[in-house]
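The values are calculated or read from the model by the stated rules, or taken from the named source; none is laboratory data. Only a predicted model underlies this, so the values are computations on that prediction, with no experimental measurement involved. Using ideal geometry, Cβ is built from the backbone for each residue, glycine included, and neighbour counts are taken over all protein chains shown.
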Amino acid sequence: MNTKTKSVWCISILTAAALFSGCETAVPKGALAMSPMTLENRKMSSRKFQTKDEEKVIKACAALLQDLGFTMSESSVKLGMLAGYKDRTAVQGGQVAGKIVMAALFGVNVAIDANQKMKASVITQPSKENPNETVVRVTFQRIVFDENNQISRLEQLKDVKYYKEFFDALGKSLFLTANDI
């Protein structure tokens, strides 16, 4: 064998070894099961609406998010998805007071939250149970940045009131549109 053939042979064996070394033969029991918390989050963030006009629903969602101050960053009526964001302050009085105390007592500069990017994502799809219904799922997240512009928190908002307010307003919008009001 010449040097080039040996190199190709060696690389082939090493690649095969790397590919097969990470393989596991069985999926651990329960690995794909949804936790009760996941099911509860899905219930909170999803609603069915009595229309099969998915385009009308996604457009109403986009209009509602814009009314709430979100700027649309991605959307596809054909895919039934949209995403938007809005920037807000994240300054909290308790953090500011803590920063002052730490600076006065210990001479330490503690970074505090400065601003946050709120994100909303919406997915629509026809209901599996009823072809005359559309399912809407919305999630709200926030990314909090400290005063050094470093991410201090990344979390899904799980307060039921955000989701209830969104779905109540969406229901009213779809009702008004359906009745030409």
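The residues of the range 143-157 that are surrounded by 15 or more Cβ atoms within 10 Å (Cβ to Cβ) and either touching a helix residue (DSSP H, G or I) at 6+ places or on another chain (Cβ under 6 Å) or in contact (Cβ under 8 Å) with a residue 40 or more places away in the chain (or both), listed by number, are VAL144, PHE145, SER152. LYS52: touching a Ser or Thr at 6+ places or on another chain (Cβ under 8 Å) and surrounded by 12 or more Cβ atoms within 10 Å (Cβ to Cβ), yes or no? Against the criterion (touching a Ser or Thr at 6+ places or on another chain (Cβ under 8 Å) and surrounded by 12 or more Cβ atoms within 10 Å (Cβ to Cβ)), LYS52 qualifies.
Return the only residue of PHE140, PHE106 being surrounded by 11 or more Cβ atoms within 10 Å (Cβ to Cβ) and either out of contact with any Pro (no Cβ under 7 Å at 6 or more places or on another chain) or over 30 Å from MET37 (Cα atoms) (or both). Of PHE140, PHE106, the one residue that is surrounded by 11 or more Cβ atoms within 10 Å (Cβ to Cβ) and either out of contact with any Pro (no Cβ under 7 Å at 6 or more places or on another chain) or over 30 Å from MET37 (Cα atoms) (or both) is PHE140. Return a yes/no flag: does the range 83-104 have any residue that is over 19 Å from ASN41 (Cβ atoms), under 14 Å from the mean Cα position of the chain (by Cα) and among the charged types (D, E, K, R). Yes, some residue in the range 83-104 is over 19 Å from ASN41 (Cβ atoms), under 14 Å from the mean Cα position of the chain (by Cα) and among the charged types (D, E, K, R). For ASN115, the test of being polar (S, T, N, Q), farther than 30 Å from SER173 by Cα, touching a residue at least 12 places away in the same chain (Cβ under 8 Å) and assigned to a strand (DSSP E or B) is passed. Taking the numbered list (1) at pLDDT below 85; (2) closer than 25 Å to LYS164 by Cα; (3) surrounded by 12 or more Cβ atoms within 10 Å (Cβ to Cβ) in turn, LYS99 passes all entries but (2).
Matching residues to (1) touching a Ser or Thr at 6+ places or on another chain (Cβ under 8 Å); (2) of a type in the set (A, V, I, L, M, F, W, C); (3) within 17 Å of LYS48 (Cα to Cα):
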site: ASP113; (1), (2), (3): yes, no, no
site: GLN116; (1), (2), (3): yes, no, no
site: ARG142; (1), (2), (3): no, no, no
site: LEU154; (1), (2), (3): no, yes, no
